[in-house]
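Student: Before I ask anything, let me first share the structure, which is written out below as structure tokens.
The values are calculated or read from the model by the stated rules, or taken from the named source; none is laboratory data. Just so you know, these numbers come straight off a predicted model, no measurement behind them. A quick note on method: Cβ atoms are made from the backbone with ideal geometry, for glycine too, and the neighbour counts reach across all protein chains shown.
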Amino acid sequence: MCERVSTGIKTSTITFDKRSASRRALRVDLISGTALAVLLGATGSVFGQDEDAVVDLLPIVIQDRLMFTGSVDGYLAPATETGITAGVPLSEVPQSISVVTSGELEARRPRQVEDAIKYVPGINPSTWGTDDRFDQFSIRGFDIGSNSLYRDGLPQKVLGFNGFTTDPYMVERIDVLRGPAGVLYGSNDAGGMVNLVTKRPVFEHLGEARVGYGSNNTFEGAFDWSNVVNEARTVAVRVTGLYRNGETEIEDSENDRAFLAGSLTWAPTDDTSLTLLAHLQKDELTPINFYPIAGEDYDTAWGSLPDDYSRKQSDYNHFDTEQASLGWELTHGFGDGFTFNQKFRYAAQSTDYGQLDYSYADQSGLHYYAFRNDEDARSIGFGNNLEWKTSHALGENSFIAGADLQHNRYDVTQYLDYSLYDVSWNDPNLDFPVSDPATSTSTRNTYLETGLFFQDHMKFDFGSTLTFGLRQSWFETEVEDLKSDSRQSQFNSALTGMIGVTHQFENGLIPYASYTEGFVQNFGKTIDGNALDPSKSKQWEAGLRYEFPSGDLMVSAAAFDLRKTNVKDYDLNDPTFSSFTQAGEVRSRGIELEARGRITENLQGVLAYTYLDTEITKSSDPAKIGNENAMAPPHQFAAWLDYDVSDLVEGLSVGAGVRFNSSAYSTQYNLRETPSYAIADASLRYEIDQFEVYLGVTNLFDEEYYGVCYDSYGCTDGERRRISLSISTKF
């Protein structure tokens, strides 16, 4: 029995089997937000009406995209395209993956991306303490945060001190894929990658505005608006903006941000859509602040520092950036199962970074030096793939072949002469003038990477999936000395593969196993003058998921053996420290446990535990062999629960979380541990009519802890208690 399905947005013909919903209806069920309620309510009416029943549907290509990019009303995303380019339910990804949904982002309202992912297993957030220059974190024992970020599937890595930082208010969700991901994403370090999915237009009205005030005299205002803008309902736009003016707990600091992001989606047919994405952003932030610890970094007989010295900084310190990006996403279906996808983004950032940096302490006092970097960075990401979906006797198959390119260039003029500024033990203050040092270097760094890849995802009717893929990459780095007009370059290539299987039993258990590979380039030469080979990473992983019948809760467990080989080390036979060896190998084994989603009708959240056993198994430096890897705490626990107490007070919900990190070494020499710590967070939301009052507190009990303590140098503080109060309205 077929029924004509008409829509106020577009007109399509959908076939429903009254015994079971079609695959397209199942896809519709995954759409979130208001569109979901409309679609489900309308679909339910179809089965009880005559052949003239009507259902409002989005264009089919938009339906598919919403599963992977749209908002999620809850803590469990139904599907992802981060692990498998074709886009699949989370249960079909044969590798550990977690999604921080829009529901979780709204409940916790993190200030940085590293805060947004701090309840994800395998993540050690804020590895360098309170440091607003860019997001930093480790994944599965590898401190790679600055080089593992992607946005909308395209690289967004740090270039010099250009972090291309994205505010969490600008994103709809954050996908965290753990383990090597070379086949899909090219050069990427061993621990994994984090994909930020930008907010984009929705084909319905959306409007929000909020103002807030918080700790350290911080004011913030933001808005988010989207709607259809033409009579044919084929064009929708979205505009998102934020303004923040404030400080951190560091004296005379800055915590200022302003961004404006706009996007437009044109969907003229069920098979075609084009989305344009652009944004402008300006930041004035505060750099990292190291300081020495009594009895560890200086002899207490020399003197002492006041209790608040860790919050002191020079007026010279600043980290000011301006960035812009422009790109598009194009999808077109040709019929017969063929779909072409293209992504492009151009991004630019200028950075003015100056700091009076702590150097060392001795009997005469503390010694500082000044430096300043003027940097300009340009980044281009471009990817194309052709997808072919077919059916076969045993199920369905999705084959994707693609080519991509990333081109990065950043120019750095550094002012540095190591002139020392002395601070006396008798008067430990930083209130003195600091001048720019003399120009030391001026360089241009260029990186070009191209790749060809394929990935095949076979789904069988008996519940199993098989995914495999291969990539060939070519990459080249060139470093130019603009003062001497000299240059050096290096070309490498790498072949990476992956294979994984999953199986879904009728009782909801989903075991999986996979092998994945990755690579990063090592720039430099051996003592014999040979170019270094890339570092390789490889991982074996086995896991078990259980998806509850409601579809709102998933629990998972994963065990993995992850190794990074060809690790670059200084050659100790070279007294100039300009040559390297590749004898290094780091092994990371561990277990991750996660529960994510709705636990009861009123309770939802995420619970995560990570056990890591890291070891440096090979090194040219005997002092490292057998040690733990840096910034890899053996035990981590995180839990965030969100409880709806509307039964007691209508419109009220409360959230509470706790995170624990065991102690971890700061370097591969294992000379100093950063002590363990436990931090609590909380939130309260109260909705009345079209308004919402939000109160959020991070580090609820104002715990004093170190972000990192570096060998024979000093420590940085973790972030202290931060309170924010805001009022928002829907319009």
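Student: Among the listed residues Asp417, Asp422, Asp431, Asp411, identify the single one that is surrounded by 14 or more Cβ atoms within 10 Å (Cβ to Cβ) and in contact (Cβ under 8 Å) with a residue 12 or more places away in the chain. Spell out the reasoning first.
Tutor: Values: Asp417 fails: surrounded by 14 or more Cβ atoms within 10 Å (Cβ to Cβ); Asp422 fails: surrounded by 14 or more Cβ atoms within 10 Å (Cβ to Cβ); Asp431 fails: surrounded by 14 or more Cβ atoms within 10 Å (Cβ to Cβ).
Result: Asp411 is the single residue among Asp417, Asp422, Asp431, Asp411 that is surrounded by 14 or more Cβ atoms within 10 Å (Cβ to Cβ) and in contact (Cβ under 8 Å) with a residue 12 or more places away in the chain.
Student: Report those strands (runs of 3 or more DSSP E) wholly inside segment 571-676 carrying at least 2 residues which are farther than 30 Å from Thr526 by Cβ, assigned by TED's automatic domain parsing to the domain that holds Gly718 and basic (Lys, Arg).
Tutor: Hits in segment 571-676: 580-598.
Student: Select from segment 81-111 the residues that are under 25 Å from Ser683 (Cβ atoms) and β-branched (Val, Ile, Thr) and list them in ascending order.
Tutor: The initial filter retains those residues of segment 81-111 that are under 25 Å from Ser683 (Cβ atoms), namely 98-111.
Hits for segment 81-111 are Val99, Val100, Thr101.
Student: Follow-up. Scan segment 461-490 residue by residue and report those that are in a strand (DSSP E or B), surrounded by fewer than 15 Cβ atoms within 10 Å (Cβ to Cβ) and touching a residue at least 40 places away in the same chain (Cβ under 8 Å).
Tutor: Here is the first cut: in segment 461-490, the residues in a strand (DSSP E or B) are 464-481, 486-490.
Among the residues that remain, those that are also surrounded by fewer than 15 Cβ atoms within 10 Å (Cβ to Cβ) are: 472, 474, 481, 486-489.
Within segment 461-490, just Asp481 meets the criteria.
Student: Looking only at segment 246-275, which residues are of a type in the set (A, V, I, L, M) and crowded, with 18+ Cβ neighbours inside 10 Å? Even if it seems obvious, please write down each step before you answer.
Tutor: Going through segment 246-275, the residues of a type in the set (A, V, I, L, M) turn out to be 250, 258, 260-261, 264, 267, 274.
Hits for segment 246-275 are Ile250, Ala261, Leu264, Ala267.
Student: Let me ask something else about it. Mind counting the residues in segment 157-172 that are of a type outside the set (Ser, Thr, Tyr), under 22 Å from Arg444 (Cα atoms) and in a loop (DSSP other than H, G, I, E, B)? Step through it out loud before you land on a result.
Tutor: First, the residues of segment 157-172 that are of a type outside the set (Ser, Thr, Tyr): 157-164, 167-168, 170-172.
Next, from what is left, pick out any that are under 22 Å from Arg444 (Cα atoms): 157-164.
Next, only the ones that are in a loop (DSSP other than H, G, I, E, B) stay: 157-158, 160-161, 163-164.
The number of residues fulfilling the criteria is 6.
Student: Any residue at all in segment 146-156 that is at negative phi, in a loop (DSSP other than H, G, I, E, B) and touching a residue at least 60 places away in the same chain (Cβ under 8 Å)? Write out each step before concluding.
Tutor: Just the residues of segment 146-156 that are at negative phi, to begin with: 146-151, 154-156.
When the remaining residues are screened for being in a loop (DSSP other than H, G, I, E, B), the result is 148, 156.
Still in the list and also touching a residue at least 60 places away in the same chain (Cβ under 8 Å): 156.
Scanning segment 146-156 turns up at least one residue that is at negative phi, in a loop (DSSP other than H, G, I, E, B) and touching a residue at least 60 places away in the same chain (Cβ under 8 Å).
For (1) surrounded by 17 or more Cβ atoms within 10 Å (Cβ to Cβ); (2) not small (Gly, Ala, Ser), each residue gets a yes or a no:
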{"position": "Glu322", "(1), (2)": "no, yes"}
{"position": "Gly327", "(1), (2)": "yes, no"}
{"position": "Thr339", "(1), (2)": "yes, yes"}
{"position": "Gln349", "(1), (2)": "yes, yes"}
{"position": "Asp362", "(1), (2)": "no, yes"}
{"position": "Ser379", "(1), (2)": "yes, no"}
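Student: Can you name the residue in segment 356-391 that is hydroxyl-bearing (Ser, Thr, Tyr) and farther than 25 Å from His457 by Cα and, of all such residues, is nearest to the chain's Cα centre (by Cα)?
Tutor: First pass over segment 356-391, keeping only residues hydroxyl-bearing (Ser, Thr, Tyr): 358-360, 364, 368-369, 379, 390-391.
This time we only want the ones that are farther than 25 Å from His457 by Cα, so: 358-360, 364, 368-369, 379.
Numbers: Tyr358: 30, Ser359: 32, Tyr360: 34, Ser364: 44, Tyr368: 34, Tyr369: 33, Ser379: 18 Å.
By that ranking, first place goes to Ser379.
Student: For segment 206-236: of the residues being more than 19 Å from Leu276 (Cα to Cα) and of a type in the set (Asp, Glu), which is surrounded by the fewest Cβ atoms within 10 Å (Cβ to Cβ)?
Tutor: Glu231
Student: For segment 343-351, indicate whether the set of residues that are in contact with a Leu (Cβ under 7 Å, 6 or more places away or on another chain), modelled with pLDDT of 95 or more and under 30 Å from Thr439 (Cβ atoms) is non-empty.
Tutor: Residues of segment 343-351 that are in contact with a Leu (Cβ under 7 Å, 6 or more places away or on another chain), as a first pass: 343, 345-346.
Next, only the ones that are modelled with pLDDT of 95 or more stay: 343, 345-346.
Those still in the list that are under 30 Å from Thr439 (Cβ atoms) too: 346.
Yes, because at least one residue in segment 343-351 is in contact with a Leu (Cβ under 7 Å, 6 or more places away or on another chain), modelled with pLDDT of 95 or more and under 30 Å from Thr439 (Cβ atoms).
Student: When you scan segment 191-214, do you find a residue that is among the acidic types (Asp, Glu), in contact with a strand residue (DSSP E or B) (Cβ under 7 Å, 6 or more places away or on another chain) and under 27 Å from Gly381 (Cα atoms), even just one? Before the answer, list the steps.
Tutor: Step one: list which residues in segment 191-214 are among the acidic types (Asp, Glu), which gives 204, 208.
With in contact with a strand residue (DSSP E or B) (Cβ under 7 Å, 6 or more places away or on another chain) added as a condition, the list becomes 208.
Right, trim to under 27 Å from Gly381 (Cα atoms) and you get none.
So far as segment 191-214 goes, no, none of its residues is among the acidic types (Asp, Glu), in contact with a strand residue (DSSP E or B) (Cβ under 7 Å, 6 or more places away or on another chain) and under 27 Å from Gly381 (Cα atoms).
Student: Something else about it: Here is a list: Asn384, Asn397. Which entry is under 30 Å from Ala267 (Cα atoms) and surrounded by fewer than 17 Cβ atoms within 10 Å (Cβ to Cβ)? If you could, list the steps in order and put the result at the bottom.
Tutor: Details: Asn397 fails: surrounded by fewer than 17 Cβ atoms within 10 Å (Cβ to Cβ).
One residue alone meets the criteria, Asn384.
Student: Being surrounded by fewer than 20 Cβ atoms within 10 Å (Cβ to Cβ) and of a type in the set (D, E, K, R) is the filter; apply it to segment 442-458 and report the residue that is nearest to Ser514 (Cα to Cα). Write out each step before concluding.
Tutor: Let us first name the residues in segment 442-458 that are surrounded by fewer than 20 Cβ atoms within 10 Å (Cβ to Cβ), namely 442-446, 448, 450, 452, 454, 456, 458.
Those still in the list that are of a type in the set (D, E, K, R) too: 444, 456.
Details: Arg444: 40, Asp456: 14 Å.
Here the answer is Asp456.
Student: Among the residues of segment 626-643, is any within 30 Å of Tyr243 (Cβ to Cβ), modelled with pLDDT of 95 or more, of a type in the set (Phe, Trp, Tyr) and surrounded by fewer than 18 Cβ atoms within 10 Å (Cβ to Cβ)? Explain how you work it out, then say what you get.
Tutor: First pass over segment 626-643, keeping only residues within 30 Å of Tyr243 (Cβ to Cβ): 640, 642.
Remaining after also requiring modelled with pLDDT of 95 or more: 640, 642.
Within this subset, residues satisfying the condition of being of a type in the set (Phe, Trp, Tyr) are 640.
Subsequent filtering for residues that are surrounded by fewer than 18 Cβ atoms within 10 Å (Cβ to Cβ) retains none.
The answer is no, given that none of the residues of segment 626-643 is within 30 Å of Tyr243 (Cβ to Cβ), modelled with pLDDT of 95 or more, of a type in the set (Phe, Trp, Tyr) and surrounded by fewer than 18 Cβ atoms within 10 Å (Cβ to Cβ).
Student: If Gly696 passes every condition in (1) of a type outside the set (A, V, I, L, M); (2) at pLDDT 95 or above; (3) over 29 Å from Ser726 (Cα atoms); (4) surrounded by 21 or more Cβ atoms within 10 Å (Cβ to Cβ) but one, which one does it miss?
Tutor: Only one criterion in (1) of a type outside the set (A, V, I, L, M); (2) at pLDDT 95 or above; (3) over 29 Å from Ser726 (Cα atoms); (4) surrounded by 21 or more Cβ atoms within 10 Å (Cβ to Cβ) is unmet by Gly696, namely (3).
Student: Residues Leu416, Leu420, Leu394: which one is under 29 Å from Met498 (Cβ atoms) and of a type in the set (A, V, I, L, M)? Don't jump to the end; show me each part of the working.
Tutor: Numbers: Leu416 fails: under 29 Å from Met498 (Cβ atoms); Leu420 fails: under 29 Å from Met498 (Cβ atoms).
None of the others qualify; the one that does is Leu394.
Student: Determine whether Ser391 is part of a strand (DSSP E or B) and surrounded by fewer than 19 Cβ atoms within 10 Å (Cβ to Cβ).
Tutor: Against the criterion (part of a strand (DSSP E or B) and surrounded by fewer than 19 Cβ atoms within 10 Å (Cβ to Cβ)), Ser391 qualifies.
Student: Any residue at all in segment 421-431 that's of a type outside the set (D, E, K, R) and part of a strand (DSSP E or B)? So that I can check it myself, show each step before the final result.
Tutor: Initial filter on segment 421-431 (of a type outside the set (D, E, K, R)): 421, 423-426, 428-430.
Still in the list and also part of a strand (DSSP E or B): 421, 423.
Checked against the condition, which is being of a type outside the set (D, E, K, R) and part of a strand (DSSP E or B), segment 421-431 yields at least one hit.
Student: I would also like to ask the following. Tally time: how many residues in segment 534-556 are surrounded by fewer than 17 Cβ atoms within 10 Å (Cβ to Cβ) and closer than 28 Å to Thr496 by Cα?
Tutor: Total meeting the criteria: 3.
Student: For the structure I just gave you, tell me whether Thr526 is modelled with pLDDT of 95 or more, surrounded by 13 or more Cβ atoms within 10 Å (Cβ to Cβ) and of a type in the set (Val, Ile, Thr). Reasoning before the result, please.
Tutor: On the way: modelled with pLDDT of 95 or more: no; surrounded by 13 or more Cβ atoms within 10 Å (Cβ to Cβ): yes; of a type in the set (Val, Ile, Thr): yes.
The answer is no for Thr526.
Student: For Ala656, all conditions in the list (1) free of Cβ contacts under 8 Å to residues at least 60 places away in the same chain; (2) within 23 Å of Pro634 (Cβ to Cβ) hold save one; what is the number of the exception?
Tutor: (2)
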